[in-house]
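The structure appears below as structure tokens.
The values are calculated or read from the model by the stated rules, or taken from the named source; none is laboratory data. These numbers come from a predicted model, not from an experiment. Using ideal geometry, Cβ is built from the backbone for each residue, glycine included, and neighbour counts are taken over all protein chains shown. To get the accessible areas, we keep the full protein, side chains included, count just its heavy atoms, and leave off ligands, DNA and RNA. Shrake-Rupley method; radii C 1.70, N 1.55, O 1.52, S 1.80 Å.
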Amino acid sequence: MSPETLMRGTGVVPDVGLGRVVLLNNSQVIRELIPFYCVLEEDIQTELDRFLQAVKTTKQEIEELKRSMSEKLSASNLAIFDAHLLVLDDTLLMNRTIEHIKKHKHNAEHAFNTTMNELLKQFSGIDDAYLKDKTEDLHDISSRVVHNLMHKDKLKEIDSIVITEPTVLVAQVIHPSDLKLLSNPNIVGIATDLGGKTTHTAIIAKALGLPAVVGLHDVTRNTDEGDMIIVDGVEGQVLIRPTEREISQYRQKHDMRVQLMSELKLLSDLNSVTLDGVPVSLLANIELEEEVEKARFFNADGIGLYRSEFIFLTVAPNLPTEEQHLDVYKNLVENVKGEIVIRTLDLGGEKFFHEVLETFSQQNPVLGLRAVRFCMKRKDIFRTQLRAILRASALSDQVRLMFPLISGTDELESVLDFLETVKSELDAERIPFNHNLKTGIMIEVPSAAAIPDLLAQRVDFLSVGTNDLIQYFLAIDRTNDEINYLYQPLHPGLIRVLRDIFEAGSEHDIRVSLCGEMAGNPSFTLLLLGLGLREFSMTPSSIPVIKKIVSSVSTDICRKIAAETLKMDTSMAIEAYIAEMNSKFVPEFGRIFKSLF
Ligand code: PEP
Ligand code: MG
């Protein structure tokens, strides 16, 4: 491998991190990175146990897979899984691996992989179509067993805090289920093959303030465990195996960033009011209770979006109980100044926690059973959460309830009916809750964005989820970095839709906020203010700079800018115009725009 490698991707957290690589176990990577080491005589039994346990887990997984596919596949196709199970019962394969471990004192991954490769070699030498087909099965099983062996190891390593020096996690993608691991204070950065600015890797990295570069395509191939790596989220690049000189340059950059953050902190004490006296609420999006502290630090007016799905992770593999939900909400009530918008579970799409919930096999999960659709199917899970939110509402009149991914009036009405049912149950049990609990919805499906007036008549507030709205509106999978370039928040169609939603809010006298990533991006602040937005909810660290912009402009100017963009017919023209207006009206932010976004 070359001594140093520069790779470009998308920077999502504008900070710099320097550390040693730990490769997260993504199955495709694993096959090429099978560890090889010798075990001590006294550890051979442990190694054998580890191997047998991994085989057992793999069998359970295959049986589970077979069960979940039983309605979709014919009996003859289901037999594929039996064939896989048979391989794992094969005494030749098992005995050879066990012998290898005993005789050569090699680790289980290496022993199993070597045995598998020997078998595959024998198969490839035989001119038999049936046996050739079987090699695919063997590859599949081999990677499953090795995955299980390595997965356990990796978790054990991290749990027993072997990570004692600054570490950068390198992975194909970071899943929400990796969150526990990311809270290790020695993790200083993230670099992933896949992903774009609004994927969950990015959102998680932002939430934790970890320097991150995503969409690097093959960073997992270009790094080895233990390599030094610089993650530069400002420039959107990573430098693998940097020279001493490069390391010292990056240290300087990091110091500058620390200085910038302290300047920003001073800005967060400003009042969030425009030059012509219009107040603008700046709220925080959080996913972890730990982030309440950050929201306070940056003087957020409240929590505009609490992504409650993360409660599910902390109790995995169980489902959270009503009391566990309530504990989290109580903690928010006790520690948050201002309102707290709790969004009900938004599970599904790319946010799928396999560890927690049964898998609904779906061809197209992003367009499938997610968020309220999932909750209305699993009312047991939904009821538990609604009861807890209602109970939390008795503790503070600042609690709000919000439903994600509502697609129309019929769906909304059935969700609201279910809420009424849960309320009646609490009443019957004489459990107190706020009968006037303010209830809102997220606008993130185009069909909902087309009828904001009809929806506004049925709820207390709307919140525009531009991450999903843009994805659905422009038909762009937000996790697919190949088409990231089409992700255009300044698409003329989207600007019109946003205008209509904000207008519907004022006409029906209900509050409208925006809680997608757009809200915290200073390039869009003037336009959003001009289109009528008065509540922005964002990653806490974005608050100071947005506040500075809000307090440096008047709504008159913003309205003119918005009116001008509404006349334009291409995203490119709008982007150029908005960039020009930003440098005209908030010129001092050129430096911050550059270093932050
Ligand atoms: C959104 O879609 O804009 C949003 C805020 O929700 P999430 O990113 O959690 O899907
Ligand atoms: Mg969303």
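A few comments on the model shown:
This table checks each residue for (1) open to solvent by less than 10 Å² (accessible area, probe 1.4 Å); (2) at negative phi; (3) outside the structural domain of Asn184 (by TED's automatic domain parsing).
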| residue | (1), (2), (3) |
| --- | --- |
| Asp227 | no, yes, no |
| Val231 | yes, yes, no |
| Glu235 | no, yes, no |
| Val238 | yes, yes, no |
| Ile247 | no, yes, no |
| Arg251 | no, yes, no |
| Glu263 | no, yes, yes |
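- Residue match in segment 418-431 (condition: within 16 Å of ligand 2 (Cβ to nearest atom) and either modelled with pLDDT under 95 or open to solvent by 10 Å² or more (accessible area, probe 1.4 Å) (or both)): no
- Residue within segment 520-532 that is in the same structural domain as Arg296 (by TED's automatic domain parsing), closer than 21 Å to Ser262 by Cβ, open to solvent by 10 Å² or more (accessible area, probe 1.4 Å) and assigned to a helix (DSSP H, G or I) present: no
- Counted residues, segment 36-56 - those being surrounded by fewer than 14 Cβ atoms within 10 Å (Cβ to Cβ) and either not in a helix (DSSP H, G or I) or not assigned by TED's automatic domain parsing to the domain that holds His110 (or both): 4
- Of the criteria (1) under 19 Å from Ile546 (Cβ atoms); (2) touching a residue at least 24 places away in the same chain (Cβ under 8 Å); (3) open to solvent by 10 Å² or more (accessible area, probe 1.4 Å), which one Ile286 fails: (3)
- All positions within segment 427-446 that are within 33 Å of the chain's Cα centre (by Cα) and outside any loop (DSSP other than H, G, I, E, B): Lys438, Thr439, Gly440, Ile441, Met442, Ile443, Pro446
- Summed over segment 454-503, the residues that are assigned to a helix (DSSP H, G or I) and open to solvent by 60 Å² or more (accessible area, probe 1.4 Å) give a count of 9.
- Being modelled with pLDDT of 65 or more and either within 23 Å of Lys66 (Cα to Cα) or within 16 Å of ligand 1 (Cβ to nearest atom) (or both) holds for only one residue in Val341, Val356, Val333, and it is Val341.
- Tabulated pairs, segment 555-584, first outside the structural domain of Leu527 (by TED's automatic domain parsing) and open to solvent by less than 40 Å² (accessible area, probe 1.4 Å), second in a helix (DSSP H, G or I) and among the polar types (S, T, N, Q), C-beta under 6 angstrom, 6+ apart or interchain: Ile574/Thr565
- Among residues of segment 457-471, those that are more than 11 Å from Glu444 (Cβ to Cβ) and aliphatic (A, V, I, L, M), counted: 1
- Index of the failed condition, Lys294 passing every other in (1) open to solvent by 20 Å² or more (accessible area, probe 1.4 Å); (2) assigned to a loop (DSSP other than H, G, I, E, B): (2)
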